[in-house]
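Okay, structure first, notes after.
The values are calculated or read from the model by the stated rules, or taken from the named source; none is laboratory data. Computed from a predicted model, the values in this text were never measured in an experiment. Note: ideal-geometry Cβ built from the backbone for every residue, glycine included; neighbour counts use all protein chains shown. What goes into the accessible areas is simple: the full protein's heavy atoms, side chains included, and nothing from ligands, DNA or RNA. Shrake-Rupley method; radii C 1.70, N 1.55, O 1.52, S 1.80 Å.
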Amino acid sequence: QVQLVESGGGLVQAGGSLRLSCAASGSIFSINTMGWYRQAPGKQREKVAVITSGGSTVYADSVKGRFTISRDGAKNTMYLQMNSLKPEDTAVYYCTSTVTTQGMGVSYKYWGQGTQVTVSS
């Protein structure tokens, strides 16, 4: 009933920038928190950033000062602006959204399909 569509991944050199987008669609009643996770080869999945419906944000220490998470409530879209990218940022990035669907007062955390971000040195 709810789909998350990601875009914006790609290949960049160290020091470059990318902006990831995640658009939620479907039978959405409300969206609570949204966030970005990433998983690199040989590493555990890492929470990168989250944003609440009120606009509060939390970042992983590894990306503070470089990444910015934002959301457009009217569009049900979330963004991750990534600046000063480092090779260690290379990972598959996943967007998540905690959504209450129409017709039922039950929330569920949905995941996008993932988008590859590769940073070369």
**Request:** Rounding to the nearest 20 debye, state how big the charge dipole of the chain is about its Cα centre with +1 on each Lys and Arg Cβ and -1 on each Asp and Glu Cβ.
**Result:** 80 debye
**Request:** Starting from segment 1-72, pick out the chymotrypsin sites (Phe, Trp or Tyr not before Pro) whose DSSP state is loop and whose Cβ has at most 10 other Cβ atoms within 10 Å.
**Result:** none
**Item:** Mean separation of Cα contacts under 8 Å, 6 or more apart, over the residue count of the chain: relative contact order %
**Value:** 36 percent
**Message:** Leaving out ligands, DNA and RNA, and with a 1.4 Å probe, what % of the accessible surface on segment 80-121 is carbon or sulfur?
**Reply:** 51 percent
**Request:** In whole angstrom, note down how far apart the Cα centers of segment 1-48 and segment 63-121 are.
**Result:** 3 Å
**Request:** Quote the relative contact order of segment 73-121 in percent (integer), defining contacts as alpha-carbon pairs under 8 Å separated by 6+ residues.
**Result:** 42 percent
**Request:** Give me the net charge of R71's neighbourhood, meaning all other residues with Cβ under 15 Å from the Cβ of R71; Lys, Arg count +1, Asp, Glu -1.
**Result:** 0
**Request:** Only one of the values (1) 41, 28, 23; (2) 41, 30, 27; (3) 49, 24, 23 was calculated from this structure for Cα extents along the principal axes in Å; name its label.
**Result:** (3)
**Request:** Leaving out ligands and nucleic acids, note down the accessible area per residue over the chain with a 1.4 angstrom probe, in whole Å².
**Result:** 52 Å²
**Normalised contact order of segment 1-44, rounded percent, pairs of Cα under 8 Å and 6 or more residues apart** = 39 percent
